[in-house]
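Novice: Have a look at this one.
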Amino acid sequence: IIDHLELIADAVAAWRGEGLEIRALSHEALVADPAGQSQDLFDWLGVEWKQDYLDPASRKTPVPTFSAAQVREPIRAGVSHGSEPYAAHLEPHARQLDRIREKQAALPSQS
């Protein structure tokens with residue numbers, strides 16, 4: 001998984017270097033302001049925004065994924081604990097994770 005994360009960071013840097021617009025979203029910002037962050041993303045994509053999108057429980061269409069129950073839940077704080085619960089398992093990979101963070105931080109922000 002960690003190798004895959006690094007591959008993604010490298011790919012995003014390469015794609016942006018070629019002029020592709022790739023938008024990175026902050027999970028913390030999305031949780032803090034779901035409507036604002038979502039509407040900004042929809043505007044960036046050129047897709048019409050509807051406030052109903054923030055009420056996923058009201059949608060009755062099937063969701064054929066393993067996360068079918070999760071996608072019915074609203075965006076809320078307190079669900080994500082990041083890597084905290086896995087800190088001991090991630091310790092052997094600390095250098096690679098630091099390198100990935102550095103690569104991500106070096107990417108120009110696009111909004």
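Values quoted throughout were computed directly from the atomic coordinates according to the rules given, and no laboratory measurement underlies them. No experiment lies behind these values; they were computed from the predicted model shown. Neighbour counts run over all protein chains shown; Cβ positions are idealised from the backbone, glycine included.
Novice: In a shell of Cβ-Cβ distance under 13 Å around Ala14, excluding Ala14 itself, what net charge do Lys and Arg (+1) and Asp and Glu (-1) give?
Specialist: Details: positive: Arg16, Lys103; negative: Glu6, Asp10, Glu18.
Residues near Ala14 contribute -1 overall.
Novice: Which order do Tyr86, Tyr53 fall in if you start with the one that has the fewest other Cβ atoms within 10 Å? Each step should come with its number before you reach the end.
Specialist: Details: Tyr86 10, Tyr53 13.
Listing Tyr86, Tyr53 from fewest to most nearby Cβ atoms yields Tyr86, Tyr53.
Novice: Would you list His27, His93 from fewest to most Cβ contacts within 10 Å?
Specialist: Numbers: His27 12, His93 15.
In increasing order of surrounding Cβ atoms, one gets His27, His93.
Novice: Just from its helices, what would the mean residue ellipticity at 222 nm be for the chain, if runs of 4 or more DSSP H residues each count -39500 (n - 2.57) and the sum is divided by every residue, rounded to the nearest 500 deg cm²/dmol? Walk me through the intermediate numbers first.
Specialist: Working: 5 runs with 51 residues, N = 111.
About -13500 deg cm²/dmol.
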